Amino acid sequence: MKIIVCVKQVPASTQVRLNRETGTIIREGVASMLNPYDSYALEEALRLKETLGGEVTTISMGIPSVADLLKATLALGADRAILLTDRKFAGADTLATAYALAKGINRLGTFDLIICGKQAIDGDTAQVGPSLAEKLGVPHLTNVQQIKEIDGQRIQCLRLTDAGYETVELQLPALITVVKDINLPRLPSIAGLRRALSQPVTLWTAADVDADPNHIGLQGSPTQVTSTFVPEHQRQSERFEGDASQQASQLVERLSSLGLLGPREGGLSNDQH
Amino acid sequence: MISIRVDQNRCVACGQCVEACPFGQIQLEMDVATIGDRCTLCGSCISACPLEAIELEGAQPVANTMTDHRGILVWAELSGGQVKPVTFELLGEARRLAHQLGVPVAVALLGASTSSAASDCIKYGADLVYLVDDARLALYNDEIYAAVMEQIIRMYRPEILLMGATTYGRSLAPRLASRLNTGLTADCTQLAIDTEKRLLLQTRPAFGGNLMATITCPQRRPQMATVRPGVMKALPPDADRQGQVIVPPVEIPQTSKTRVLEVIQLQGDQVDLTAAEIVVAAGKGIGSAANMKLIAELAQLLGGVVGATRPVVDAGWISYSHQIGQTGKTVSPKLYIACGISGAVQHTAGMSGAETIVAINKDPDAPIHRIAHYSLIGDVIDIVQALIAELKKR
Ligand SMILES: Cc1cc2nc3c(=O)[nH]c(=O)nc-3n(C[C@H](O)[C@H](O)[C@H](O)COP(=O)(O)OP(=O)(O)OC[C@H]3O[C@@H](n4cnc5c(N)ncnc54)[C@H](O)[C@@H]3O)c2cc1C
Ligand SMILES: Nc1ncnc2c1ncn2[C@@H]1O[C@H](COP(=O)(O)O)[C@@H](O)[C@H]1O
C-alpha cells in the first residue's frame with residue numbers, strides 16, 4: 001500500500017504577525033510545530049503500513065526550514081519525505097496549495113491513499129484535502145474517525161457528521177482527512193531518530209514538479225486577504241451576588257426575561273387559546 | 001465572442017468529452033469530436049479532455065472568467081428530508097446582499113422527495129429554486145453532489161455561492177471550488193458587499209479566533225463562502241412569497257466511487273451540537289465523570305445539548321463528538337452555559353459566537369469571564385444543583 005501524508009508546519013503560538021503589503025502571515029521567526037491533525041494522519045498511515053505493508057511518504061509545501069519537520073516524520077517511521085519549496089509557491093491560498101501538492105504527488109507516481117489532517121490550526125480552513133482530491137481526480141471523505149476496513153481496492157471509514165456518524169466506502173485511490181479521535185500518535189524512538197539522520201528530505205521546486213506559474217503562489221490564488229483585525233472579545237460580565245441558590249435564581253429570572261427559557265410548565269404557550 | 005474549438009490534430013476521438021458533456025452536445029464523427037450548436041460553453045469537455053485538444057477561443061486561458069455571472073446561489077442542505085436551519089439563515093443573508101447588488105436569490109435543492117422543501121425555501125427568501133429530485137441524491141455523497149452542483153453553476157452562473165459551514169458544506173465547497181478554479185473562504189461569520197467593485201467581503205476568524213480576516217475573490221466567479229451556522233439571521237417565513245421552481249437538465253452520475261453504507265443520527269442528549277439553540281458545556285472543573293449526570297440534567301431541563309472541553313473528552317467523561325473548540329466543533333447557540341471551564345482560546349474559538357454566554361467558575365479571574373455576559377462565582381456543582389432545583393420549580 002502506497003500512502004501519502006500531507007503535513008503542514010503551523011506556528012506553535014497563537015500570536016500572529018502580518019505582512020501589511022500582502023496581508024499574509026509572517027511565518028519567519030515564530031516557533032513552529034507539526035499541525036496536530038497531521039500527526040494523527042501520519043500515525044494512521046504508519047499503522048496501516050504496519051498491518052498491510054507498503055510505504056509512507058510525507059509531503060509538505062513550505063519554506064526551506066520545514067525540512068526539519070519532515071525529518072521528524074522520517075524519525076517517526078515515514079519512508080520518504082518531500083518538501084515543495086520555492087519562492088514562487090509563497091502566498092498560496094488553499095486552491096494554489098492544493099494545486100502545488102497535486103503536482104508534487106503526480107511526480108511521485110501512483111498511490112493508494114492520501115491522508116490529510118481535518119484542518120490546519122492556523123487557518124482552520126479544512127479546504128486543502130478536498131481541493132487536492134479534486135485536482136487528483138480521486139474521491140475524498142472528510143472527518144474520518146475510524147478506518148473500519150481497507151484492502152487494495154477500497155476503504156471503509158466511519159465519518160463524524162453534524163448529527164452523528166456515517167459509514168462510507170471509497171474506491172482506492174482516495175483521500176481522507178482525519179479527526180483527532182482516530183488514534184494516539186506515537187513518540188519518536190531513539191532508533192528512529194538515528195535512522196532519520198541519514199535519510200535525506202527531497203526538495204522540489206516549482207519547475208521540478210512542472211507547476212504552471214499561473215496556478216501557484218500569490219499569482220495562482222483567487223482569494224486575497226484585504227484586511228485583518230483583532231476581534232474585540234473583552235466584555236464586562238454581569239455578576240450575580242449571593243450563595244449558590246441566590247445566584248441560580250437570579251440567573252433563571254434573567255434568562256427567562258431574555259426569552260431564553262421555554263414557557264413555564266403549566267403556563268400558556270403561544271398556540272393555546 | 002467566445003467560441004469552442006476542437007484541435008483536429010490533437011483529438012484522438014477517445015470519447016471522454018462525449019461522456020463529460022452535460023448537454024449531450026458532443027459526437028464523434030470521422031475520428032474527431034464535433035460539438036453541436038446547443039453547446040453552452042460550459043467547459044466540462046475542456047477539463048475532461050486528456051489531450052488538451054479542446055479550447056475556448058477568445059477566452060482567458062484560465063477557464064474561469066468573470067463574464068456574465070450574476071445572482072446569488074445558496075446550497076440548500078437537508079437533514080432527514082427537512083431543510084436545515086442554516087439554509088434559511090443563508091437565504092436571509094443572501095436577500096440582504098442581493099438587495100445591494102440588485103440580483104435574484106436562487107437555491108440549489110438536491111435530494112429525494114424534496115418538493116415541500118422547495119416551498120420552504122421560497123417562504124424564507126428564495127426567488128428561484130433549482131430542484132434536482134432523484135433517489136440517487138437521497139443521501140449526501142460528495143462525488144454525486146459535486147457533479148450536480150457543478151452543472152447547476154455552469155448553467156446559471158451565479159456571482160456568489162453560499163453554503164453552510166457544516167460537515168457536508170465544508171466537504172462539498174472545497175471540492176467544487178477546486179473544480180471551478182475559483183476562490184473559497186471557509187467558515188465566514190460576516191458578509192458584506194463592496195458595491196463599487198461588486199465584490200463579496202468575506203470575514204472569518206483564523207488562528208483559533210485570535211485574528212479576523214476579510215477576504216475577497218476579485219477575479220474569479222462564483223465567489224464562494226461557507227458560513228457558520230447560527231450566525232446569520234433567517235427572515236420570518238412568508239407564506240405569500242412568490243418564487244419559481246425550475247428543474248434544471250442536469251445529469252446525475254450513474255456510478256460513484258463513494259458509497260454511503262450507513263447513516264447514524266444520534267438521538268436524545270446527543271443531538272446535533274452545531275444546530276443546538278442551547279448548549280450546556282462541562283469543563284474539567286466539574287471534578288468527576290459522575291458529575292456529567294448533573295450537566296446532562298441541566299441541559300435536558302433547558303432543552304439543550306451537552307458540550308465539553310478537550311480535557312473532559314480526553315478523560316473519557318464524554319465522547320469526542322461533544323468536544324467544542326479549535327479541535328472540536330464550532331457552535332453558535334442562543335445560550336451557552338460554561339460549567340467549570342477556564343476559557344482557553346482553543347476552547348473559546350469554538351463558542352465565542354454564542355449569543356448569550358453564562359460562566360460558572362469558582363475563580364473570579366478565569367478568562368471565561370471576559371467573554372461571558374453573566375458570571376456566577378462559586379462551586380460549579382452547588383450552582384448547577386441550585387439551577388436544576390430552580391428550573392424544576394417553574
Ligand atoms: C492544539 C490544541 C488544541 C486544543 N483544542 C481544544 C478544543 O478543541 N477544545 C477545548 O476545549 N480545548 C482545547 N485545547 C485545550 C485548551 O487549551 C485548554 O486546555 C482546555 O480548553 C481547558 O479545559 P477546561 O476549561 O475544561 O479545564 P481547565 O483549564 O483545567 O479549567 C477548569 C476550570 O474550572 C474551574 N474550577 C475548578 N474546580 C471548580 C469548582 N469546584 N467549581 C467551579 N469552578 C471550578 C477552574 O477555576 C478552571 O477555570 C487545545 C489545546 C491545544 C494545545
Ligand atoms: N502547505 C501544506 N503542505 C502540505 N499539506 C498541507 C498544506 N496545507 C494544508 N495541508 C494539508 O491539508 C490539511 C488541511 O489544511 P487547511 O485546509 O489549511 O485547513 C492539513 O491538515 C494538511 O494535511
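The values are calculated or read from the model by the stated rules, or taken from the named source; none is laboratory data. If you're wondering where the values come from, they're calculated on a predicted model, not measured in any experiment. Cβ atoms come from the backbone with ideal geometry, glycine included; neighbour counts cover every protein chain shown. Only protein heavy atoms, including side chains, enter the accessible area calculation; ligands, DNA and RNA are left aside. Shrake-Rupley method; radii C 1.70, N 1.55, O 1.52, S 1.80 Å.
Dimensions of chain A based on its C-alpha atoms, expressed as ranges along the principal axes with the largest first, amount to 73, 48, 42 Å.
A straight Cα-to-Cα reach below 20 Å connects B:Lys392 with the lysines B:Lys293, residues fewer than 8 places away in its own chain not being considered.
Entry note, the range B:273-393: relative contact order of 25 percent, from Cα contacts under 8 Å with a spacing of 6+ residues. Principal axis extents of the Cα atoms in chain B, from largest to smallest and rounded to whole angstrom, are 83, 48, 42.
Binning the C-alpha pair distances of the range B:72-246 at 10 Å intervals from 0 yields a P(r) profile of 10, 42, 37, 9, 0 %, listed from the shortest bin outward.
Just checking the output field for B:250-261: average partner chain Cβ neighbours within 10 Å of each residue's Cβ? Whole-number average of other-chain Cβ neighbours for B:250-261 is 4.
Relative contact order of chain A, please, whole-number percent, based on alpha carbon pairs below 8 angstrom and at least 6 residues apart. Each step should come with its number before you reach the end.
On the way: 499 pairs, mean separation 60.8, N = 273.
Relative contact order, chain A: 22 percent.
Contact residues in the range A:94-109 by the 40 Å² criterion (accessible area, 1.4 Å probe, full protein complex versus chain alone): A:Leu95.
Would you please classify the overall shape of the range B:3-57 from the alpha carbon gyration tensor, given that a ≥ b ≥ c denote the square roots of the eigenvalues, rounded means a/c under 1.5, and beyond that prolate means a/b larger than b/c while oblate covers the rest? Rounded shape, in that the Cα axes give a/c under 1.5. Oblate is the label for the protein assembly as shown. Its Cα gyration tensor axes, ordered a ≥ b ≥ c, give a/c of at least 1.5 and b/c at or above a/b. What whole number of Å gives the distance from the Cα centroid of the range B:313-352 to the Cα centroid of the range A:175-248? First find each Cα centre; the distance between them is then 18 Å.
The largest-to-smallest principal axis extents of the Cα set in the range A:126-234 are 46, 43, 40 Å. Rolled with a 1.4 Å probe across the full set of protein chains, the surface gives B:Glu355 an accessible area near 100 Å². Label sites at B:Asp238 and B:Arg5, each approximated as a point 7 angstrom past Cα along Cα to Cβ, lie 5.0 nm apart.
Using alpha-carbon pairs under 8 Å, 6+ residues apart, how would you state the relative contact order of the range B:48-161 in percent?
Numbers: 157 pairs, mean separation 33.2, N = 114.
Over the range B:48-161, the number comes to 29 percent.
At the residue level, A:Ser198 shows approximately 100 square angstrom of accessible surface with a 1.4 angstrom probe and all protein chains present. Secondary-structure-derived ellipticity at 222 nm for chain A, considering helices only, amounts to -8500 deg cm²/dmol, per-run term -39500 (n - 2.57) for DSSP H runs with n ≥ 4.
Just the accessible area per residue of the protein assembly as shown, please: how many Å² with a 1.4 Å probe?
43 Å²
Calculate how many DSSP beta bridges within the protein assembly as shown are antiparallel, expressed in % of all such bridges and rounded to the nearest 5. Before the final figure, lay out the partial values.
Details: 48 of 119 bridges.
The antiparallel proportion sits near 40 percent.
Which is the longest stretch in chain A that no exposed loop site breaks, taking sites as trypsin sites (Lys or Arg not before Pro) with a DSSP loop state and at most 15 other Cβ atoms within 10 Å?
A:21-185
With Cα atoms defining each centre, the range A:128-149 and the range B:180-227 are spaced 24 Å apart in the structure.
Chain B against chain A buries an accessible area of about 7500 Å², both chains summed, 1.4 Å probe radius. For B:Lys84, the lysines whose Cα falls under 20 Å of its own Cα, not counting residues fewer than eight places away in the same chain, are B:Lys123, B:Lys233, B:Lys329, B:Lys334. Bridgeable lysines around A:Lys103 (alpha carbons under 28 Å apart, same-chain partners fewer than 8 residues away excluded): A:Lys2, A:Lys8, A:Lys49, A:Lys71, A:Lys88, A:Lys118, A:Lys135, A:Lys180, B:Lys257.
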